[in-house]
Amino acid sequence: MTAAPVSPGDASAAGESGGWTGWVRRRALRSFPPDQLLPDKQPIYVASWIYVFGVATIAAFIVALTTGTILAVRGPAWWHGSSVGHFVNSLHLWSVELFMAFMVIHLWGKFFMAAWRGKRALTWITGAVSFLASIGTAFTGYLTQQNLASQWVSTQAKDGLNSVGIGAYFNVLDFGQMLMWHIVLLPLGVGVLVVAHVLLVRRHGVVPPFPPKDMHGPEPTAAEGAVQA
Amino acid sequence: MTAATTRAHRRETDPTAQPWAGPKRPYDLVKEFVVALVVVSILTVILAALFSSPDDKQLTLAQWAKAAPNDFVATAATELDGTSGSATYGAPYTHDKSAAQKIGPLAPQNWLGVTIPIDSAQDFVVRPLQGAAVSPDLQAALKQWTSGSADQQQKWAAAYDTALAAVPDTDPAKIATGDYGPVPVMMTQLLALAQSGGLDGALLAQGRFYQTDYTKPLLFLADGTYLEDLARAQHLGGDQWGMMNETGNYPGQAWLWLYTFWYQVKPFSTSGNADALVWSVMALLSLVFVLVPFIPGIRSIPKLIPIYRLIWRNYYRDVEGRGA
């Protein structure tokens, strides 16, 4: 007797466990089958340098997290009195500058591709919110440098935050609070958003091009695209 | 057909929502990631080695009191008579609701109330002096101050502040004689306490051993002009695109360019509600940015500006060439 082929997510046929854990497993496999999660091929149109800036952003984020972790291990004042610490701080600064630069280029690229088309709005939203959260993360980093720039930036920024009521519970003059936001809460938030963003990209695939010039009517279906290409 | 089924049908027939069934090319995502990580790491090391990072030393109250004693005393005088920036700030520091910035009829600054209460006279002048009152002169001055009524205290402090403001360079040594009560002694002693470094600790500790909240020393510093002078010399002023600048010749927070931009132009640059207005504009723009996929007009811009043809030029060349 030949066993019937089992498709991912088919609980009864596979004899998998039920309950919510089984549901989570089946749902995850259905949403992110391995060949879709980490494919070795991409559509023919994924051939431009602009696609590099997404992964470059993630790479710079990892370098920023790594250098930030080293700074965290030695404490917030270490880098002021140590040449090694100062160099690690420089690595942290420049990785953040690269991270933000790559992310901005990635965002503009995705904007001009209208990358939200085809059920990809949530992918855009997670990317946009990641950008805003990254601005907050970088900003709290400037607040916790413990130097003249921190003193000036915090005393100026308080006016903006206070004017809209945020300053009542987000006190930029409170070094301890800002340090926690900078090294725990905001990086965690950005990390979760970036993971969600990448999973959404993998799930929905890379947005296809607009229809070619000589095409009229609705955009080509995937099958039509295959014929044209 | 209901709206829900119409939407579902539209999703099913939207070709851009379907898996790509056309030709594919080899694309090693793992290799791309590893190469990107190595390249970005090397680039980071090169930039750090070449350009380092800025670290202009922090300003202490002691340095301020030594470098600009007149500014320090003038600031302390405004803290004592309740006319400093902190004393008249409104929420979240003081209870003056009229001081709040407004967005039209709304004053969100007041909505959450006073969560970080500041009594500038007590917090910045009287309490630190009480903690350091070892000299008979200061003990007598503080006794006279605390035994005076609130009205009397205000008269002494205001008279001193007004007289000091009239003196060239606000030099306390040149102040005209007047009925200032114990205020001159208190100011002299506060300056001495600050110059010795004692005020830095006194404003931070506030009765605690462990402390990470620098709200009070930073507010006091910001009430003076010395910190601002140092910042402006580093092109960090609000009208110098300061929020996106960094000390020295470093790129700073360049991504704040739009936020900083509004402070340079009217009506924001001349408005007493500039912060609230700029934050409102940025909140609105941020919302638009996040919701671009749903905003007619804006979501069509990419189709009108054919940068996408540059991005996908190989694809269009192949497809359109074949069509011709």
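Numbers at a glance
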{"read-out": "Single unsatisfied condition, residue B:73 versus (1) under 22 Å from the mean Cα position of the chain (by Cα); (2) away from every other protein chain (no Cβ under 14 Å); (3) not in a loop (DSSP other than H, G, I, E, B)", "value": "(1)"}
{"read-out": "Answer residue from the stretch B:122-164, given it is surrounded by fewer than 13 Cβ atoms within 10 Å (Cβ to Cβ) and of a type in the set (Gly, Ala, Ser) and is modelled with the lowest pLDDT among those", "value": "B:135"}
{"read-out": "Test: residue A:152 is within 28 Å of residue B:247 (Cα to Cα) and facing another protein chain (nearest Cβ under 7 Å)", "value": "yes"}
{"read-out": "Subset of the stretch A:1-26 that is part of a helix (DSSP H, G or I) and surrounded by 13 or more Cβ atoms within 10 Å (Cβ to Cβ) - its residue that is modelled with the lowest pLDDT", "value": "A:11"}
{"read-out": "So residue B:213, is it within 14 Å of chain A (Cβ to nearest Cβ), in contact (Cβ under 8 Å) with a residue 60 or more places away in the chain and crowded, with 17+ Cβ neighbours inside 10 Å", "value": "no"}
{"read-out": "Pick from the stretch A:73-103, criterion touching a residue at least 12 places away in the same chain (Cβ under 8 Å) and facing chain B (nearest Cβ under 7 Å), ranking: surrounded by the most Cβ atoms within 10 Å (Cβ to Cβ)", "value": "A:95"}
{"read-out": "Restricting the stretch A:110-127 to residues that are aliphatic (A, V, I, L, M) and part of a helix (DSSP H, G or I), the residue that is farthest from the other protein chains (Cβ to nearest Cβ)", "value": "A:122"}
{"read-out": "Residue ID - farthest from residue B:88 (Cα to Cα), chosen from residues in the stretch B:210-232 that are out of contact with any Asp or Glu (no Cβ under 6 Å at 6 or more places or on another chain) and of a type in the set (D, E, K, R)", "value": "B:232"}
{"read-out": "Filter result for the condition that a residue is in a loop (DSSP other than H, G, I, E, B), free of Cβ contacts under 8 Å to residues at least 40 places away in the same chain and of a type in the set (A, V, I, L, M), over B:231, B:176", "value": "B:176"}
{"read-out": "In the stretch B:227-262, residue surrounded by the most Cβ atoms within 10 Å (Cβ to Cβ) [restricted to those that are among the aliphatic types (A, V, I, L, M) and under 24 Å from residue A:105 (Cβ atoms)]", "value": "B:243"}
{"read-out": "Residue that is among the small types (Gly, Ala, Ser) and modelled with pLDDT of 95 or more, where the choices are A:75, A:81, A:85, A:118", "value": "A:85"}
{"read-out": "Yes/no for residue A:130 being in a helix (DSSP H, G or I), more than 9 Å from chain B (Cβ to nearest Cβ) and either buried (at least 19 other Cβ atoms within 10 Å of the Cβ) or at pLDDT below 95 (or both)", "value": "yes"}
{"read-out": "Unique residue being at the interface with chain B (Cβ under 7 Å from one of its Cβ atoms) and under 30 Å from residue A:211 (Cα atoms) when the list is A:63, A:46", "value": "A:46"}
{"read-out": "Enumeration of residues in the stretch B:1-29 that are more than 7 Å from chain A (Cβ to nearest Cβ) and either assigned to a helix (DSSP H, G or I) or at pLDDT 85 or above (or both)", "value": "B:3, B:4, B:5, B:6, B:7, B:8, B:9, B:10, B:12, B:13"}
{"read-out": "Of all residues making up the stretch B:179-199, the number that are without any contact (Cβ under 8 Å) to a residue 24 or more places away in the chain and over 19 Å from residue B:145 (Cβ atoms)", "value": "0"}
{"read-out": "Number of the condition not met by residue B:279 [criteria: (1) surrounded by fewer than 20 Cβ atoms within 10 Å (Cβ to Cβ); (2) within 16 Å of the chain's Cα centre (by Cα); (3) within 7 Å of another protein chain (Cβ to nearest Cβ); (4) farther than 16 Å from residue A:148 by Cα]", "value": "(1)"}
{"read-out": "Residue B:271, sole failed condition from (1) under 30 Å from residue B:53 (Cα atoms); (2) touching a helix residue (DSSP H, G or I) at 6+ places or on another chain (Cβ under 7 Å); (3) among the polar types (S, T, N, Q)", "value": "(1)"}
{"read-out": "Leading residue by the ranking (surrounded by the most Cβ atoms within 10 Å (Cβ to Cβ)) among those in the stretch A:154-211 that are in contact with a Lys or Arg (Cβ under 7 Å, 6 or more places away or on another chain) and β-branched (Val, Ile, Thr)", "value": "A:172"}
{"read-out": "Selection status of residue B:169, acidic (Asp, Glu), at pLDDT below 95 and assigned to a helix (DSSP H, G or I)", "value": "yes"}
{"read-out": "Leading residue by the ranking (nearest to the other protein chains (Cβ to nearest Cβ)) among those in the stretch B:291-324 that are surrounded by fewer than 18 Cβ atoms within 10 Å (Cβ to Cβ) and β-branched (Val, Ile, Thr)", "value": "B:307"}
{"read-out": "Among (1) of a type outside the set (Ser, Thr, Tyr); (2) at the interface with chain B (Cβ under 7 Å from one of its Cβ atoms); (3) touching an Asp or Glu at 6+ places or on another chain (Cβ under 8 Å), the one test that residue A:145 misses", "value": "(2)"}
{"read-out": "Residue, nearest to residue A:157 (Cα to Cα), within the stretch B:261-293, restricted to residues that are among the aliphatic types (A, V, I, L, M) and outside any helix (DSSP H, G or I)", "value": "B:265"}
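The values are calculated or read from the model by the stated rules, or taken from the named source; none is laboratory data. Computed from a predicted model, the values in this text were never measured in an experiment. So basically every Cβ, Gly included, is an ideal-geometry build from the backbone, and we count neighbours across all protein chains shown.
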